């Protein structure tokens, strides 16, 4: 069970305004590495709503690198990996927008979403928000902290595999009839549900 979990926080409504990234690497079902970056977005505008959600301000990132300067480190975790995120359509769109902004080609990876996974495995829950799932599974969470969210996402993905005895995320995908999404140089495909 090998995958990389990611979570972005953004400064404003623009997808390329990443101001924080959390990343967790899982090997054989065990968290083996975790990283967090504060990021200086291309436009230094922090919308009050975004700040109220994650608490990151312009002052916090004014001396931090822009996305293109951390990309070499990040790419090593993503290239040819299975990538997991909670509400993956958002995080993958932020990643793609940041890459586009700096003229960086997409890496190649498959991805899945723990929202989709949890809706299939635990349909009777009141909702499938990250904090709801974390509470259900006694996972500590400081919500909207990129690293905390990523750790929770990784633990939920591990729990999901364990709950149906899936050996890896591809086995899980087959069991719940979801074709993982793909990001590749030149484009992407969203995860698809099939019968």
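Each value in this text was obtained by applying a stated rule to the coordinates, not by laboratory testing. Quick caveat, the model's predicted, so the values are computed rather than measured. When we count neighbours, we look across all protein chains shown, and the Cβ atoms used for this are built from the backbone with ideal geometry, even at glycine.
Averaging Cα coordinates gives a centre for segment 1-36 and one for segment 127-195; these two points are 12 Å apart.
Over segment 123-195, the ratio between the Cα radius of gyration and 2.2 N^0.38 Å evaluates to 1.25. For the chain, the equivalent ellipsoid built from the Cα gyration tensor has semi-axes of 27, 19, 15 Å, listed from largest to smallest. Exposure proxy shown here: for 73, 36, the number of other Cβ atoms within 10 Å sets the order, fewest to most, as 73, 36.
Summarising the strand pairing of the chain, around 80 percent of its internal DSSP beta bridges are antiparallel. By other beta-carbon atoms within 10 Å, ranking 195, 177 with the fewest at the front produces 195, 177.
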